[in-house]
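The block underneath contains the structure these notes are about, expressed in structure tokens.
The values are calculated or read from the model by the stated rules, or taken from the named source; none is laboratory data. Here the structure is a predicted model, which is why all the values come from computation and not from measurement. Cβ coordinates were reconstructed from backbone atoms using ideal geometry, including for glycine residues, and neighbour counts include every protein chain displayed. Surface areas here come from the heavy atoms of the whole protein model, side chains and all, with no ligands, DNA or RNA. Shrake-Rupley method; radii C 1.70, N 1.55, O 1.52, S 1.80 Å.
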Amino acid sequence: QVQLRESGGGVVQAGGSLRLSCGASGRTFSRITMAWFRQAPGKDRVFVAAISGSGRNTVLTNDVKGRFTIARDNAENTVYLQMNSLKPKDTAVYYCAADTTAGGTVISRSPNAYMYWGQGTQVTVSS
């Protein structure tokens, strides 16, 4: 069992930055693949970024490459999503997700691979 709690969402103007945080508990954090997904109104939940348990491997969707960075601090059981150069299209509810099935060694872009989810945090980017 993994419990996840996101924070850091808010309203920001286009071109601005936000840093989302997700605190995890319930499992050995370094053995958990962590990911961020987002869901805009009326749209499917889509992959944003993921990071392996060790932090040595990361995956970012093409929509955010060069603007977003995913990182983790295993000593604090926390994963971060640094979002720079935000655009209105980034507006969505952002969800933290965890995959414990491969000891943190496998990264998937599919939401079906992640069995634990946070409650979501709203990010709104205005023009």
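Taking only Cα atoms and a 10 Å spring cutoff, compute GNM fluctuations for the chain and point out the largest among Pro111, Pro88, Pro41.
Evaluated over the chain, the most mobile residue of the options is Pro41.
Computed over the Cα atoms of the chain, what is the ratio Rg over Rh, Rh following Kirkwood?
My calculation of the ratio gives 0.94.
Mind pulling up the Rg/Rh value for segment 39-91? Radius of gyration and Kirkwood radius, both on Cα.
1.00
Roughly how many nanometres apart are two label points built 7 Å out from the Cα toward the Cβ at Ala75 and Ser7?
1.9 nm
Accessible area per residue, 1.4 Å probe, Å², for the chain: what's the number?
Values: 6170 Å² over 127 residues.
Value returned for the chain: 49 Å² of accessible area per residue.
Counting only protein heavy atoms, what percent of the accessible surface of the chain is carbon or sulfur at a 1.4 Å probe? Mind dumping the intermediate values first?
Values: 2700 of 6170 Å².
Whole-percent figure for carbon plus sulfur exposure: 44.
Compute the separation of the alpha-carbon centres of segment 92-127 and segment 18-51 and state it in Å as a whole number.
Between the Cα centres of segment 92-127 and segment 18-51 lies a distance of 3 Å.
Treating cross-link reach as a plain straight distance, find the aspartates and glutamates whose alpha-carbon is under 16 Å from the alpha-carbon of Lys43, omitting any fewer than eight places away in the same chain.
Asp63, Asp90
How large is the accessible surface of Ile70 in square angstrom, using a 1.4 angstrom probe and rounding to the nearest 10?
Number for this one is 10 Å².
Please compute the contact order of the chain in relative form: average sequence separation of alpha-carbon pairs under 8 Å and at least six residues apart, divided by the residue count, as a percent.
Value for the chain: 37 percent.
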